[in-house]
Structures are given as structure tokens and as C-alpha cells.
Amino acid sequence: MKQRTSHAPKAAAETPVVDHLRFHRRHAHLGSAFGTDRFALKAEAFARFFGTPIFLGAQTVIVAIWIGVNVLGITKFDVYPFILLNLAFSLQAAYAAPLILLAQTRQAARDKAHAEADAEHREALAVANEQRLVTAAQNTAQLLELLQQNTQLTELTKQLTERIETLTVEMHRRFVRGEAKAS
């Protein structure tokens, strides 16, 4: 069987694949603030939900209904000074505060890890830039040396051309004199 060879350019195959996240990969374990199990994901979602406008609006509506129902006398399960409502807020605060603090602590750890990875990336870029500058300086020095050599060769060529011209004129004179004596 004959194999077909493609004459198409291989530019796409020769282009190296650059992993732009290579400095962040080792910090991937910090992805979730509470871990990666189901409870941790739900706890993080719950902690994030505390600061949303939906939560604040829903809580305001529930508290308003709670107070309205008890003040208007529709029911009397929590009369003024609303001790049950205060207990509910205390329970909510008891769970919310540790979750939020834990989320903030883990987020700070993630931010620090990402900052370190970014600093490492910037350092790698600086080193690469220094290497490019050194290479450019070397190339410039080589070009200057080649230009100087070219100038020297041009001057030598000029001198040799002038010498050849002088010898040609001298030979021509001797040749013309030799013909004149022979006649």
C-alpha cells in the first residue's frame, strides 16, 4: 500500500502549545473553600448566598411578615419583644459567621497562592526578557563585527582594484613601447 504524503504546511503542528495556567496548576487543590465533597460545596454556596440581594430581600420580607402577623394579632406565636425572632437571628448568626470566616480564610489562601503564581510568572517573563536582551546584544555585536569585516574587505578590494589598474596601465605602456621599438 502506498502512503500519501501531505505537502500542506505544518505550521499549526510545529507551533508549541503554551499552557497559560501552568503556574496556577499546583494551586488547583485550593479550588473550593471548604473542600470538594458534597457538604463542602453546599456550605460554600450557602456562605456565598448570605451576601446576595436575594437573601437580604427575602429575609426582610420574612421578618416583616413575621412582625406583621404577630403585631396585627393574626397569630400570637411570637409576641412583642419577638424573642423567637431574636433566637432565629442568633441561630442564623451562629452558623453564618463561622461559614463566612472560613470562606474568607480559604479565599485569602487562594488569593495568596494565585499572587505567588502570578509573581512567579512575572519573574519567568523577566528572565525571558533578559535572555532576549542578551541575545539581541550579541546579535548586534555580531552584526557590527560583520559590518566592520565587510568594510575592511571593501577597502582591500578597492586597493587591489587600484593596484590592478596601475599594473594594467604599466603593462599597456610596456606593450605599446615594445610594438613601437619593433616597428
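The values are calculated or read from the model by the stated rules, or taken from the named source; none is laboratory data. Model, not experiment: these values are computed from the prediction. A quick note on method: Cβ atoms are made from the backbone with ideal geometry, for glycine too, and the neighbour counts reach across all protein chains shown.
Would a scan of segment 112-132 turn up a residue that is surrounded by fewer than 11 Cβ atoms within 10 Å (Cβ to Cβ), modelled with pLDDT of 85 or more and of a type in the set (Lys, Arg)? Looking for residues that are surrounded by fewer than 11 Cβ atoms within 10 Å (Cβ to Cβ), modelled with pLDDT of 85 or more and of a type in the set (Lys, Arg), one finds at least one in segment 112-132, hence yes.
Taken together, ILE83, ILE62, ILE54, ILE100 contain a single residue that is at negative phi and modelled with pLDDT under 90, which is ILE100. Counting only residues that are surrounded by fewer than 15 Cβ atoms within 10 Å (Cβ to Cβ) and outside any helix (DSSP H, G or I), how many does segment 70-110 have? Number of matching residues: 9. Could we say that ALA43 is touching a helix residue (DSSP H, G or I) at 6+ places or on another chain (Cβ under 9 Å) and touching a residue at least 12 places away in the same chain (Cβ under 8 Å) here? So ALA43 fits the description; yes.
Filtering segment 22-51 down to residues that are assigned to a helix (DSSP H, G or I) and touching a Lys or Arg at 6+ places or on another chain (Cβ under 8 Å), which residue is modelled with the highest pLDDT? Walk me through how you get there before you give the answer.
As a first pass, look at segment 22-51 and keep what is assigned to a helix (DSSP H, G or I): 25-30, 38-49.
Restricting the remaining residues to those that are touching a Lys or Arg at 6+ places or on another chain (Cβ under 8 Å) gives 27, 30.
On the way: HIS27: 60, LEU30: 55.
The selected residue is HIS27.
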